[in-house]
Every structure is written in C-alpha cells, then in structure tokens.
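So the structure is just underneath, and the comments pick up after that.
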C-alpha cells in the first residue's frame, strides 16, 4: 500500500482503492502539494498533472501512474475550502445577471440557430458559434472599458461575424437592420438557469436583501429580468449604463451597497466571472463567491461553487441547506 504523506494545498479525495500500472493506491491517503521535493502538482481543468517521482510503493511509484489514477476517476483534486467567517454578518446578496441568473450563452446559441439561416446558411456550426462569441467578447469588452459606444460594439461584432456567413458588413444602417433581426430572435429565447429558484428561496429565508449588478443597458437587462420571471423576486437592478461605468470599476459595487444601505463588508457578491464578480468586489471590501458553471476555475478559489444550488453554505445559518431543497 502506497501512502503519500499529507503535504497540504491540494487535497485529493478518492473513490476507493485501485491498482494502476502496478501501483496500488490508497486514494483516501493521497495528498498532492505544490513546491515540494517529492511531488509537484498543478490543478487544471479538473485534471491533475503530476511531475517528478513519487517515493514509495512496490518497485517505486511514478508520476504517470498517479496521472492515470486521476484521469480514471480514482482520485480527484480540489483546493481545500477555507472557513467562511463572514456569513453571519451578511445583510445583502448582489447577483450578476448574464451567466449567473440569466443563461445568456444558451439563449444566444438558440437565437443564432434561428437567425443565421435567414442569412442563407443552413447549419450553425461550432466554428460559427465560436466566431460569434469571440467577436462578442472582444467588442463588448471594448464597450465595458469605455472605448466605444454600446451601439458601436454591436456593429463591430457584426462586422467581424458577417464575413463568416458570406456577407459583406455593409453600411451602419444595414448593420443596424441585421442587429434588430438578431435581437428579435434573441429575445424569443431568453431563459434562466434551473438553479435560480432554489438559490433565491435560500436568500429570502435568510432575510437578506438582493440586488442585480450587470454590465449592460437598462432596456435590455430590465427586459431580461422581466422575461425570465424574476421581476419582484430579485432587485433592484443596477446597470453599467445607469451607473455610468462598468464592472470592474470599484464605484459599481460601492454604488449598489450605498443604494441598499448596507456596508460592503455585509454584502455577498455572486457571479460567473472571477475577475469581475470575485476579485474586483473583494478588492473594495465585499465578500464574493465564484459561480464556476463551466468548471474552468480557477480551481484554487476557496469560495467556489459550480451551481447556485450550493449557495446556501455561504449564507447565514438559517438558510444553510435551503438552496439544495
């Protein structure tokens, strides 16, 4: 039986014993650590990559056998959770909208499957989807940074995308007509994530105020909240357009706290973007939880969930377990 001593940082939990490449592993005893002479590990996309020899075992264990064990599901690695010391003082929760409450990606994909065939392309391939979201990320980011207007970022996205479906971008007026057509399709596909109701119930049971902080414009973001059935259940809604700047500007988070009448240290911010929804609010005194729906990490984020159904463990004791009910 190989037992690798506890080294701290990455705690590996196993699903029973198993023999891999002649190495018998006691998965419950395996501990991986960074910066250690016996073993070096890094976490990446829910996989564990190991370098260097592992001492011990019959005939010696090697790192690749541990890699194989991880990939076969016999051991998995995550960062050990840090104790939550702030839940008792919480008075409010701020939610991001797109990617957190509202399923923007699924809505956009469904809209593209309606809209692109109108441009003469029957099949919406993965390549086309990737081109759309790449243009969206680039130009929406430029708007967030104050480099272009909201209308112009929409036009810029189409200038990049239309050649992929055999269309010349054309004039601004022509681009605006394409945008209006796409937005009609997009509005017909709006949907929320199926874990939202349970999370909002948990927050309500804890007696916490709520708000939404979103990098968008009033008209569209308010319409989304209404369309997915969250008007009156969560809010008020604060947009980058109304505040005058977008996340991660510190004033965005602090403005919401001020409007709620709650100090930053008594507010929890929840969202899918680690940079905008976790690091930035923490930097100005809020507490934050990363909603990592895709499992891309960072996996060493101690306050990380993969579903809003897990939010209850960060709420005051009265709500613990409610989000999973």
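Return yes when residue 207 is under 22 Å from the mean Cα position of the chain (by Cα), touching a residue at least 24 places away in the same chain (Cβ under 8 Å) and part of a loop (DSSP other than H, G, I, E, B) and no when it is not. Here the answer is no, as residue 207 does not meet what is asked. Out of the residues in the stretch 291-300 that are in contact (Cβ under 8 Å) with a residue 60 or more places away in the chain and surrounded by 18 or more Cβ atoms within 10 Å (Cβ to Cβ), which is nearest to the chain's Cα centre (by Cα)? Only one residue fits best here, namely 291.
Once the stretch 212-231 is narrowed to residues that are more than 18 Å from the chain's Cα centre (by Cα) and outside any helix (DSSP H, G or I), the residue that is surrounded by the most Cβ atoms within 10 Å (Cβ to Cβ) is 230.
For the stretch 301-323, the criterion of a residue being touching a helix residue (DSSP H, G or I) at 6+ places or on another chain (Cβ under 8 Å), without any contact (Cβ under 8 Å) to a residue 12 or more places away in the chain and assigned to a helix (DSSP H, G or I) is satisfied by no position. Inside the stretch 94-139, can you point out the residues that are over 17 Å from the mean Cα position of the chain (by Cα) and part of a loop (DSSP other than H, G, I, E, B)? Matches in the stretch 94-139: 120, 121, 122, 123, 124, 125. Among residues belonging to the stretch 267-285 that are crowded, with 19+ Cβ neighbours inside 10 Å and touching a helix residue (DSSP H, G or I) at 6+ places or on another chain (Cβ under 8 Å), point out the one that is nearest to residue 297 (Cα to Cα). My answer is 271. For the stretch 168-190, the set of residues classified as closer than 23 Å to residue 224 by Cβ and not in a helix (DSSP H, G or I) consists of 188, 189, 190, listed by residue number. Residues that are at pLDDT 95 or above, part of a strand (DSSP E or B) and under 30 Å from residue 140 (Cα atoms) are absent from the stretch 273-283 altogether.
Every residue, every condition in (1) loosely packed, with under 14 Cβ neighbours inside 10 Å; (2) within 19 Å of residue 222 (Cβ to Cβ), yes or no:
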site	(1), (2)
95	no, yes
98	no, yes
110	no, no
113	no, no
120	yes, no
124	no, no
131	no, no
140	no, yes
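Can you name every residue in the stretch 243-266 that is out of contact with any helix residue (DSSP H, G or I) (no Cβ under 6 Å at 6 or more places or on another chain) and in a helix (DSSP H, G or I)? Hits for the stretch 243-266 are 250, 251, 254, 256, 258, 259, 260, 265.
The values are calculated or read from the model by the stated rules, or taken from the named source; none is laboratory data. Note that the structure is a prediction, hence the values are computed from the model and not measured. Quick reminder, even Gly has a Cβ in these numbers, built from the backbone with ideal geometry, and neighbours come from all protein chains shown.
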